[in-house]
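*Asks:* Mind looking over this structure? Questions follow.
The values are calculated or read from the model by the stated rules, or taken from the named source; none is laboratory data. Model, not experiment: these values are computed from the prediction. Note that each Cβ is placed from the backbone with ideal geometry, even for glycine, and that neighbours are counted across all protein chains shown. Heads up: the accessible areas ignore ligands, DNA and RNA and are worked out on the full protein's heavy atoms, side chains in. Shrake-Rupley method; radii C 1.70, N 1.55, O 1.52, S 1.80 Å.
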Amino acid sequence: KLVMSVLSERAPARLAPEPSFFEFVVIIAFMMALGSMSIDNLLPAFGHIQQDFGLASANEVQLILTVYMAGFAVMQLFYGPVSDIVGRRPTLMIGLIIFSIGSLIALFAPNFEMLLVARLIQGMGAAATRILSVAIVRDRYEGREMARVMSFTMMIFIIVPVFAPAIGSLFLLFGTWHTIFVSMLVIAVGIALWFGRRMPETLHPEYRMPFSAARILGGAKRCLQERATVGYSTAIGLMFGGLMAYIGSSQQIFETEVYGLGAIFPVVFGSIAAVMGIASFVNVRIVRRLGMRRISHAGVCGHVLMSAIMVGCAIWFDGKPPLLLFAVNLAACQFLFSLTMPNFNTMAMEAQGDIAGTASSVIGAYTTIAGALLGMLVSQSFDGTVTPMALGFLPTGVLSLIVVYWTERGRLFAPHHPDPAAVMDVGH
């Protein structure tokens, strides 16, 4: 009865005035960051986990990321339609409860197989934060203004991978890898309390859907029939595959097998992540003036160019280019990646405002599954050099550019909406 009462919530109490623009952005950023943090702060613990469970290969430890992303991808199909029916608030709370259960199981996992189960459950719960963050932003904003808000969110969100590996390393100095899972549990509870007290229900009453399998399937079908939604979602999935390949291989590339940086690994990883944050700031400053298409199309073209240079350097230096050269090249790729993602995501969602939850689910699941599979394929090919990762960046970038070219019918850099879109605040 209690669960049904939560799910049937129609008019949640507003315990405080609506958050300011800044607080709104920070709340959304922390929601999104939970998923990223659950990946990045575990990276320094890979060696400890391998040793504790007696795993034969470092590549085997990467399954911690793979199963997490599997749960994350599949459950995205669930949270969006549910949030269109019962609202954003109760759906997010369900996801945070599932994530917390996974964290508790991980703390007491007696073997590696049970740890993988825990990670799967964590991913299933964290999917709610990914879906609901995009849906909530779309509830309130559209067009270039939505892209601007998403870029502000990304700026704060990027702080997590900047510091997460260092924080994970710090936990390892004073405890075991279990301590990292304790921190995940604490953060999930903190987000639930903050969101519960400060964020009102953002789902427009006229967009609330009664439960109907036909309507849910109809919303998914509509996403698949919208050229921009399909095209930009596919481009996101392809480029996300390159990012996942980098994350999956980064510990072996920087900390152990290629460059042997040891304790310096979090500094290098964080510095590259900081460059992504700078790109998000740049996007905030120029998206209203230049538009999403000009910026993102230039970004994907530049990403292809820098990926080609990365492949050339990898081949020239037999898979082990100088650290500074490789890091600068990789940072440039990530900078350009961050110019594309908020804008691609906004353009994919642009026509789906009245079914934002369902559309966010379809887009999120599709892009995550594509990215996770591509990333796993590349990172599992790690051979002690940077070559597999470089070879993963280039084709995913090229295919993304081809898909964008198809989506825009050959008209790259052409803005569709020269005037900034109006803000759609809740209640207006």
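*Asks:* Looking at (1) of a type in the set (A, V, I, L, M); (2) over 21 Å from the mean Cα position of the chain (by Cα); (3) surrounded by fewer than 22 Cβ atoms within 10 Å (Cβ to Cβ), which one does I253 not meet, given that it meets all the others?
*Replies:* Status for I253: all satisfied but (3).
*Asks:* Among the residues of the stretch 222-260, write down those that are part of a loop (DSSP other than H, G, I, E, B), touching a residue at least 12 places away in the same chain (Cβ under 8 Å) and either farther than 27 Å from N343 by Cα or in contact with a His (Cβ under 6 Å, 6 or more places away or on another chain) (or both).
*Replies:* Step one: filter the stretch 222-260 for residues part of a loop (DSSP other than H, G, I, E, B), giving 226, 257-260.
With touching a residue at least 12 places away in the same chain (Cβ under 8 Å) added as a condition, the list becomes 226, 257-259.
Of everything in the stretch 222-260, those that are part of a loop (DSSP other than H, G, I, E, B), touching a residue at least 12 places away in the same chain (Cβ under 8 Å) and either farther than 27 Å from N343 by Cα or in contact with a His (Cβ under 6 Å, 6 or more places away or on another chain) (or both) turn out to be E257, V258, Y259.
*Asks:* Could you tell me whether the stretch 14-30 includes any residue that is open to solvent by less than 50 Å² (accessible area, probe 1.4 Å), modelled with pLDDT under 85 and either touching a Gly at 6+ places or on another chain (Cβ under 9 Å) or at positive phi (or both)?
*Replies:* So far as the stretch 14-30 goes, no, none of its residues is open to solvent by less than 50 Å² (accessible area, probe 1.4 Å), modelled with pLDDT under 85 and either touching a Gly at 6+ places or on another chain (Cβ under 9 Å) or at positive phi (or both).
*Asks:* State all residues of the stretch 275-284 that are out of contact with any Leu (no Cβ under 9 Å at 6 or more places or on another chain) and more than 10 Å from F335 (Cβ to Cβ); if no residue qualifies, say none.
*Replies:* Those that are out of contact with any Leu (no Cβ under 9 Å at 6 or more places or on another chain) and more than 10 Å from F335 (Cβ to Cβ): F281, V284.
*Asks:* Which residue out of A372, A351, A331, A314 is in contact (Cβ under 8 Å) with a residue 40 or more places away in the chain, outside any helix (DSSP H, G or I) and touching a helix residue (DSSP H, G or I) at 6+ places or on another chain (Cβ under 7 Å)? Full working, then the answer.
*Replies:* Working: A372 fails: outside any helix (DSSP H, G or I); A331 fails: outside any helix (DSSP H, G or I); A314 fails: outside any helix (DSSP H, G or I).
Checking each option against the conditions leaves just A351.
*Asks:* I'd like to verify a number: residues in the stretch 328-338 that are open to solvent by 20 Å² or more (accessible area, probe 1.4 Å) and aliphatic (A, V, I, L, M), how many?
*Replies:* Within the stretch 328-338, the first condition is being open to solvent by 20 Å² or more (accessible area, probe 1.4 Å), and the residues that meet it are 328, 332, 335-336.
Remaining after also requiring aliphatic (A, V, I, L, M): 328, 332, 336.
Of the residues in that region, 3 qualify.
*Asks:* Does at least one position in the stretch 283-298 carry a residue that is out of contact with any Asp or Glu (no Cβ under 6 Å at 6 or more places or on another chain), modelled with pLDDT under 85 and crowded, with 24+ Cβ neighbours inside 10 Å?
*Replies:* Yes - at least one qualifying residue is present in the stretch 283-298.
Per-residue answers, yes or no, for (1) buried (at least 24 other Cβ atoms within 10 Å of the Cβ); (2) at pLDDT below 85; (3) in contact with a Phe, Trp or Tyr (Cβ under 6 Å, 6 or more places away or on another chain); (4) not hydrophobic (A, V, I, L, M, F, W, C):
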| site | (1), (2), (3), (4) |
| --- | --- |
| F344 | yes, no, yes, no |
| M347 | yes, no, yes, no |
| A351 | no, yes, no, no |
| A356 | yes, yes, no, no |
| L374 | no, no, no, no |
| G384 | no, no, no, yes |
| G392 | yes, no, no, yes |
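*Asks:* Of all helices (runs of 4 or more DSSP H) completely enclosed by the stretch 141-212, which ones contain at least 2 residues that are at pLDDT below 75 and closer than 20 Å to S103 by Cα? Working first, answer last.
*Replies:* Numbers: elements: 143-157, 159-174, 178-198.
Qualifying helices (runs of 4 or more DSSP H): 159-174.
*Asks:* Condition first: out of contact with any Asp or Glu (no Cβ under 9 Å at 6 or more places or on another chain) and open to solvent by 30 Å² or more (accessible area, probe 1.4 Å). Now tell me which residues in the stretch 36-52 satisfy that.
*Replies:* H48, Q51, D52
*Asks:* All but one of (1) open to solvent by 30 Å² or more (accessible area, probe 1.4 Å); (2) in a helix (DSSP H, G or I); (3) farther than 19 Å from M184 by Cα hold for A56; which doesn't?
*Replies:* (2)
*Asks:* Could you list all residues from the stretch 55-95 that are aromatic (F, W, Y) and either within 15 Å of the chain's Cα centre (by Cα) or farther than 23 Å from R198 by Cα (or both)?
*Replies:* First, the residues of the stretch 55-95 that are aromatic (F, W, Y): 68, 72, 78-79.
Residues satisfying the conditions are Y68, F72, F78.
Condition check ((1) open to solvent by less than 10 Å² (accessible area, probe 1.4 Å); (2) part of a helix (DSSP H, G or I)) across all residues:
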{"residue": "F72", "(1), (2)": "no, yes"}
{"residue": "I97", "(1), (2)": "no, yes"}
{"residue": "P110", "(1), (2)": "no, no"}
{"residue": "M114", "(1), (2)": "no, yes"}
{"residue": "R119", "(1), (2)": "yes, yes"}
{"residue": "Q122", "(1), (2)": "yes, yes"}
{"residue": "A126", "(1), (2)": "yes, yes"}
